[in-house]
1. On the basis of being among the polar types (S, T, N, Q), under 17 Å from LEU132 (Cβ atoms) and part of a helix (DSSP H, G or I), does THR79 make the cut?
2. Tell me which of these THR159 doesn't satisfy, since it passes every other one: (1) among the β-branched types (Val, Ile, Thr); (2) over 22 Å from ILE240 (Cα atoms); (3) open to solvent by 20 Å² or more (accessible area, probe 1.4 Å).
3. Could you list, in sequence order, all residues of the stretch 85-109 that are assigned to a helix (DSSP H, G or I), open to solvent by 50 Å² or more (accessible area, probe 1.4 Å) and modelled with pLDDT under 95?
4. Name the pairs: first residue in the stretch 237-259 and assigned to a helix (DSSP H, G or I), second residue open to solvent by 30 Å² or more (accessible area, probe 1.4 Å) and among the β-branched types (Val, Ile, Thr), Cβ to Cβ under 9 Å, at least 6 apart or on different chains?
5. Does ALA66 qualify as being part of a loop (DSSP other than H, G, I, E, B) and either under 23 Å from GLN150 (Cα atoms) or hydrophobic (A, V, I, L, M, F, W, C) (or both)?
6. Are any of the residues in the stretch 199-222 closer than 16 Å to GLN156 by Cα, more than 18 Å from the chain's Cα centre (by Cα) and open to solvent by 20 Å² or more (accessible area, probe 1.4 Å)?
7. Considering only residues that are open to solvent by 10 Å² or more (accessible area, probe 1.4 Å) and within 15 Å of the chain's Cα centre (by Cα), which ones fall in the stretch 33-74?
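The values are calculated or read from the model by the stated rules, or taken from the named source; none is laboratory data. Here the structure is a predicted model, which means the values were calculated and not measured. Note: ideal-geometry Cβ built from the backbone for every residue, glycine included; neighbour counts use all protein chains shown. Accessible surface areas use protein heavy atoms only, side chains included; no ligands, DNA or RNA. Shrake-Rupley method; radii C 1.70, N 1.55, O 1.52, S 1.80 Å.
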Amino acid sequence: MPTLNDIKQPIAAEWDTFDALFSSVFQSTDTLLNAALRYVHQRRGKQIRPILTLLAAKTIGCINQATHMAATALEVLHTASLLHDDVVDAADERRGMPSVNRQFDNRTAVLVGDYLLTKSMDCIAQTNNHDLLQCLVTLSKEITRGELLQLQYAYQQTTEEHYYEIIRRKTAILFAICMQAGAISAGATPEQCAKLYAFGENLGICFQIKDDIFDYTPQAQVGKPTLNDLREGKFTLPIIHAMEQVGKTTSAHIVEMAKNNDLIDKNKDFLYDFVAQNDGIEYARQQMEAYRSKAMDCLADFADSTEKKSLCDILDFVLQRTN
């Protein structure tokens, strides 16, 4: 499996500039704010999304200051959304460590998230590029809509159609916008932007399906408890498919489990076996492979390059990752 360091090779010379700009956002002279920002920054994730922005720009032309500002703005917005997510979900962990709301409190987590949103807007404003600003606006709106849809369908049996509607807005849109913003910053044509956007969207869907498979994998090491989505009333692709294979009585019983965490804890083995035996895991893997193929098709018209290879490698990384 390609490593992230392998994938970043075509943008290695530019990565330090992005990293310094991103890190500068997480500094403040205010004691509480600075403590919370440092805590968040020290627990940053794989940063796949800014890698995508820089690779998209270099696929089209050159990485420039607008690219760095856009990559920073989008990753900061993503970080802010995670802080807010953890408050909404009453999550205790993020990436294997106490979440900000647990380490500090809900009020601090929400306000730090709000602060990061304003920093994201500040970064994008400095590009003086209306199209990049529109990317950030669209992303903010769609992520919020995705979260609300997830709440709307919580604790009830849902459909694949609803599932994909949620993850396109909540997860895939960020990958898509990162690709689009990188392309815009480098002067891409509308056709090039559309293809790179579609690549990012399909990649994002793969990423989310993989996460949802982890949630029904007992040995998964993903920094949060397994079956966590079900505890929060989220019915994801593996269990949606499994529930479609059985009668209403069994499905209703699982919905009741989702409403009662004690029932989930007492029936972990049943739930793992139920999803696996009714092809929920295998079906999700098949769908992930289908979206991988769609993503690859989006790159067909771009000339072969080290940047294009890295984009293909990101697909493999996402499908093969273990956390």
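1. Details: among the polar types (S, T, N, Q): yes; under 17 Å from LEU132 (Cβ atoms): no; part of a helix (DSSP H, G or I): yes.
No, not satisfied.
2. Condition not satisfied by THR159: (2).
3. VAL88, ARG102, GLN103, ASN106
4. ILE240/THR159; MET243/THR250; GLU244/THR159; ILE254/VAL246
5. Details: part of a loop (DSSP other than H, G, I, E, B): no; either under 23 Å from GLN150 (Cα atoms) or hydrophobic (A, V, I, L, M, F, W, C) (or both): yes.
So ALA66 does not fit the description; no.
6. The initial filter retains those residues of the stretch 199-222 that are closer than 16 Å to GLN156 by Cα, namely none.
No: zero hits.
7. Once the filter is applied, which keeps residues that are open to solvent by 10 Å² or more (accessible area, probe 1.4 Å) and within 15 Å of the chain's Cα centre (by Cα), the stretch 33-74 yields ARG44, GLY45, LYS46, GLN47, ARG49.
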